[in-house]
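S.K.: Next up is a structure, given as structure tokens.
The values are calculated or read from the model by the stated rules, or taken from the named source; none is laboratory data. Here the structure is a predicted model, which is why all the values come from computation and not from measurement. Every residue, glycine as well, gets a Cβ built from its backbone with ideal geometry; the counts of neighbours run over all protein chains shown. Accessible surface areas use protein heavy atoms only, side chains included; no ligands, DNA or RNA. Shrake-Rupley method; radii C 1.70, N 1.55, O 1.52, S 1.80 Å.
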Amino acid sequence: MSRSPEDAWEILVTVSQHSDTKLRDVAEEVVATRPRQEPLPEEFQQYLAAASAVRRRG
């Protein structure tokens with residue numbers, strides 16, 4: 001399932017709010033993990049999974 005930019009934004013905002021982490025820090029972590037080929041911190045993985053599921057349900 002492809003995501004729109006709006007979906008990505010909402011997911012980042014949700015993770016930021018629920019993890020009490022600045023939005024820019026969440027976004028930086030997501031972007032930084034790609035070249036390092038490392039997983040996100042477990043807490044962020046859980047919040048991202050939950051936020052993605054909510055967006056899919058609409």
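S.K.: When ligands, DNA and RNA are left out and all protein chains stay put, how many square angstrom of accessible area per residue does the chain have with a 1.4 Å probe? The partial results should precede the final answer.
M.R.: Details: 4420 Å² over 58 residues.
Ligands and nucleic acids excluded, the figure is 76 Å² per residue.
S.K.: Give a residue-ordered list of calculated ³J(HN,Hα) values for segment 11-20 (Karplus: 6.51 cos²θ - 1.76 cosθ + 1.60, θ = phi - 60°; whole Hz; x for Gly, Pro).
M.R.: In residue order, the calculated couplings are 5, 4, 4, 4, 4, 4, 5, 6, 9, 6 Hz.
S.K.: Rounding to the nearest 10 and keeping the result within 0 to 90°, find how far the Cα-based axis of helix 23-36 lies from the longest principal axis of the chain.
M.R.: With rounding to tens, the tilt is 60 degrees.
S.K.: How high is the relative contact order of the chain, in percent, counting Cα pairs under 8 Å that sit 6 or more residues apart? Show your work: numbers first, answer last.
M.R.: Working: 30 pairs, mean separation 23.1, N = 58.
RCO, the chain: 40 percent.
S.K.: May I pose another question? For the chain, what does -39500 (n - 2.57) per DSSP helix run (n ≥ 4), summed and divided by total residues, give at 222 nm, in deg cm²/dmol to the nearest 500? Provide the component values of the computation, followed by the final result.
M.R.: Working: 3 runs with 45 residues, N = 58.
Rounded to the nearest 500, it is -25500 deg cm²/dmol.
S.K.: Okay, next question. How big is the C-alpha Rg of the chain next to the rule-of-thumb value 2.2 N^0.38 Å, as a ratio? Please list the in-between numbers first.
M.R.: Values: Rg = 11.0 Å, N = 58, 2.2 N^0.38 = 10.3 Å.
Normalised by 2.2 N^0.38 Å, the Cα Rg of the chain equals 1.07.
S.K.: Karplus couplings for segment 40-46 from phi (6.51 cos²θ - 1.76 cosθ + 1.60, θ = phi - 60°), rounded to Hz, Gly and Pro as x?
M.R.: 5, x, 3, 4, 5, 4, 5
S.K.: Quick check for me: using +1 on Lys/Arg Cβ and -1 on Asp/Glu Cβ, what's the dipole size of the chain about its Cα centre, in debye to the nearest 20? Don't skip to the answer; put the middle values down first.
M.R.: Values: 8 positive and 10 negative charges, 52 e Å.
That gives the chain a dipole magnitude of about 240 debye.
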